[in-house]
Structure formats: structure tokens, C-alpha cells
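First up is the structure itself, then whatever we jot down about it.
Just so you know, all these numbers are worked out from the coordinates, no wet-lab data involved. Since this is a predicted model, take the numbers as computed values, not measurements. As a convention, Cβ positions derive from the backbone with ideal geometry for all residues, glycine included, and neighbour counts pool all protein chains shown.
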Amino acid sequence: MNVGMLWLDDDAKRPFAEKVERAAEYYQQKYGRLPELCLVNPGMLAQKQHIGRLEVQPLRTVLPHHFWLGMRSS
């Protein structure tokens with residue numbers, strides 16, 4: 001993913017999956033489609049997983065509490 005939307009959610013009380021879902025909902029409202037990919041800091045997620053149809057992957061260059069959402073690069 002080269003271009004995407006960066007989302008910050010540092011609410012310690014909110015579950016991780018809910019944070020991802022909220023970010024994806026906002027992305028859909030803003031861009032008119034659901035994102036395909038969400039990149040997060042490895043401290044938030046150890047290995048790739050799916051939340052709904054969204055693939056969530058760790059990437060060490062993403063800051064903690066940030067979610068980088070977008071479409072896969074071709």
C-alpha cells in the first residue's frame with residue numbers, strides 16, 4: 001500500500017477489533033468504499049489476521065495506536 005488514510009485511536013478501554021472497525025467505517029464514509037488493508041504497529045498485533053473482510057497486518061514503520069488503511073498496491 002502506497003497511499004492510505006492514517007487513523008489514531010489511543011483509547012485503552014476500546015478493544016482492538018472495535019478500533020479497526022471504527023477506522024474502516026470512517027474510511028468508507030470518506031472514500032465511498034471499504035478499505036482492503038489495515039497496517040498497524042507490531043506492538044498492537046503480532047501476526048496477520050482478518051477483522052471482517054479487512055486484512056490487518058503488522059508493520060514496524062507504523063506508529064503505535066495508528067491505523068493505516070487503504071487498498072492493496074497492484
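Among the residues making up region 1-39, those that are closer than 11 Å to L69 by Cα and touching a helix residue (DSSP H, G or I) at 6+ places or on another chain (Cβ under 8 Å) are M5, W7, L34, P35, C38.
The residue that is farthest from L59 (Cα to Cα), counting only those in region 1-22 that are touching a strand residue (DSSP E or B) at 6+ places or on another chain (Cβ under 6 Å) and not in a loop (DSSP other than H, G, I, E, B), is A17.
Of R60, R53, which residue is loosely packed, with under 12 Cβ neighbours inside 10 Å and within 20 Å of M71 (Cβ to Cβ)?
Residue meeting the stated conditions: R53.
If you go through region 1-31 and pick out every residue that is surrounded by 11 or more Cβ atoms within 10 Å (Cβ to Cβ) and either of a type in the set (V, I, T) or touching a residue at least 60 places away in the same chain (Cβ under 8 Å) (or both), you end up with 6. Look at region 52-74: where a residue is touching a residue at least 12 places away in the same chain (Cβ under 8 Å) and within 16 Å of V3 (Cβ to Cβ) and a partner is among the charged types (D, E, K, R) and outside any loop (DSSP other than H, G, I, E, B), sitting 6+ places away or on another chain with Cβ atoms under 7 Å, you get F67/K19. Among what's in region 23-74 and is among the aromatic types (F, W, Y) and not in a strand (DSSP E or B), pick the residue that is farthest from A12 (Cα to Cα). The extreme case among them is Y31.
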